[in-house]
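Presented below is the structure to which this report refers.
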Amino acid sequence: MNEDKIIIAIPRGRIIEECKNLLSRTNFSPDPLIYDDSCRKLMFSSNNKNISFIKVRAFDVCTFVAFGAAQIGIAGDDVIQEFNYSEVYAPVDLNIGHCRLSVAALESLLIEEDPETWSNIRVVTKYPNITKQFFAVKDIQVEAIKLNGSVELAPTLLMCRRVVDLVSTGTTLKENGLKEITKIMNVQSKLIINRSAYKTETKKIESIIGEIEKIIS
């Protein structure tokens, strides 16, 4: 690997098509194989010999950027705030990946009690840090159990009666007997930068930022 190369981390899964619509219009568009779910490659070339891409789990993008494995990434507000790495900053809203992070509970629970009366609860979530911070402001003690996926299954299997998860249409919640109660935050994807890399590769990174800002403006 050329040490002078800029590596951009993009997330697999939910927003890959929106990433494609954005990145395909840049002068450093990645190899189209990066958008192929059946492709098992993790590193990809681009139209610019000095820029490469990696495709990783959405929840890992911030970590790759924070520890310098990638200099730039695309990550959601949810992931950025959950990890809150000091080495990562997010200068550009990309206006993609829109959804929300919300508290949901079993519909059967909500018949029995008012969420305003909660004082000590258990929540299953992929976002224990955000969850604890949100409920702490409300003076609610929370035991946050972390799951990396299939969060909506937890209440069905009696692990808990409440979850915190991303919500787009709400269909998954409804199909699992859950009802959205409170929105914690709106989520969209942002361009994130490694602070140390920015100091050493300012011109290259600013060029990439400028190209993306030109497209989304």
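The values are calculated or read from the model by the stated rules, or taken from the named source; none is laboratory data. Remember, it's a predicted structure, so these values are computed and weren't measured experimentally. FYI the Cβ positions are ideal-geometry reconstructions off the backbone, even for glycines, and counts take in every protein chain you see. Heads up: the accessible areas ignore ligands, DNA and RNA and are worked out on the full protein's heavy atoms, side chains in. Shrake-Rupley method; radii C 1.70, N 1.55, O 1.52, S 1.80 Å.
With helices as the sole contributors, the chain gives -8000 deg cm²/dmol at 222 nm; each DSSP H run of n ≥ 4 counts as -39500 (n - 2.57), and the sum is divided by every residue.
For segment 140-217, taking Cα atoms only, Rg and Dmax work out to 19.5, 53 Å respectively. By how many degrees, between 0 and 90 and to the nearest 10, does the Cα long axis of helix 128-137 differ from the longest principal axis of the chain? Tilt of helix 128-137: around 50 degrees.
I want to verify a result. In a Gaussian network model of the chain, Cα cutoff 10 Å, which of these has the top mean-square fluctuation: G68, G149, G76? Highest fluctuation among the options: G149.
Quick check: net charge around N95, other residues with Cβ under 13 Å of its Cβ, Lys/Arg +1 and Asp/Glu -1?
Numbers: positive: K190; negative: E18, D77, D93, E213.
In short, -3.
One Cα centroid belongs to segment 118-149, the other to segment 151-217; the line between them spans 17 Å. If you look at the Cα atoms of segment 121-162, you get an Rg and a Dmax of 10.0, 29 Å.
Accessible area per residue was computed with a 1.4 Å probe on protein heavy atoms; M159 scores about 70 Å². May I ask you to list the residues of segment 141-167 whose amide nitrogen lies under 16 Å from a point 7 Å from Cα along the Cα→beta-carbon direction of I111? Output list for this probe position: 156.
Suppose every K and R has +1 on its Cβ and every D and E has -1 on its Cβ; what is the size of the dipole of the chain about the Cα centre, in Debye to the nearest 20? Could the numbers behind the result be given before it?
Numbers: 27 positive and 28 negative charges, 118 e Å.
The calculated dipole for the chain is roughly 560 debye.
Note that the chain shows a convex hull volume over its alpha carbon atoms of 129 Å³ per residue. Just so you know, the Rg over Rh for segment 93-162 is 1.00, from Cα atoms, with Rh as the Kirkwood radius. Estimate the FRET efficiency between L158 and N84 by the formula 1/(1 + (r/R0)^6), using the beta-carbon distance for r and 30 Å for R0, to the nearest 0.05. Calculated transfer efficiency: 0.40.
Between N50 and T169, the contour length at 0.36 nm per residue exceeds the alpha carbon distance by 38.9 nm. Of the two radii for segment 46-118, the radius of gyration is 1.18 times the Kirkwood radius, both from the alpha carbons; that is the Rg over Rh value.
Given Cα positions, please report Rg to Rh for segment 1-81, the hydrodynamic radius being the Kirkwood one.
0.93
Computed with a 1.4 Å probe over protein heavy atoms only, the accessible area of L166 comes to about 50 Å².
Springs between Cα atoms under 10 Å define the GNM used for the chain, and in it the highest mean-square fluctuation of E116, E206, E152 occurs at E116. For the chain, the longest principal axis of the C-alpha atoms and the axis of helix 202-216 are separated by about 60°.
Determine the relative contact order of the chain: mean sequence separation of Cα pairs under 8 Å and six or more apart, normalised by residue count, in whole percent.
On the way: 402 pairs, mean separation 58.3, N = 217.
Computed over the chain, the figure is 27 percent.
Dipole check for segment 1-121: with +1 at the C-beta of Lys and Arg, -1 at the C-beta of Asp and Glu, and the Cα centre as origin, the magnitude is about 960 Debye.
Of the residues F59, Y89, N194, the one whose Cα sits farthest towards the positive end of the charge dipole of segment 50-200 is N194 (charges of +1 on Lys and Arg Cβ, -1 on Asp and Glu Cβ, taken about the Cα centre). The distance between label points at S196 and I181 comes to 4.2 nm (points 7 Å beyond Cα on the Cα→Cβ vector).
Within the set K55/K203; K5/K126; K49/K190; K146/K179, which residue pairs have Cα atoms separated by over 30 Å? Going by Cα-Cα distance, K5/K126 fall outside the 30 Å limit. In this structure L22 has an accessible area near 10 Å², from a 1.4 Å probe over the protein heavy atoms. Computed about its Cα centre, the charge dipole of segment 126-179 is approximately 60 debye, with only Lys, Arg, Asp and Glu carrying charge at their Cβ.
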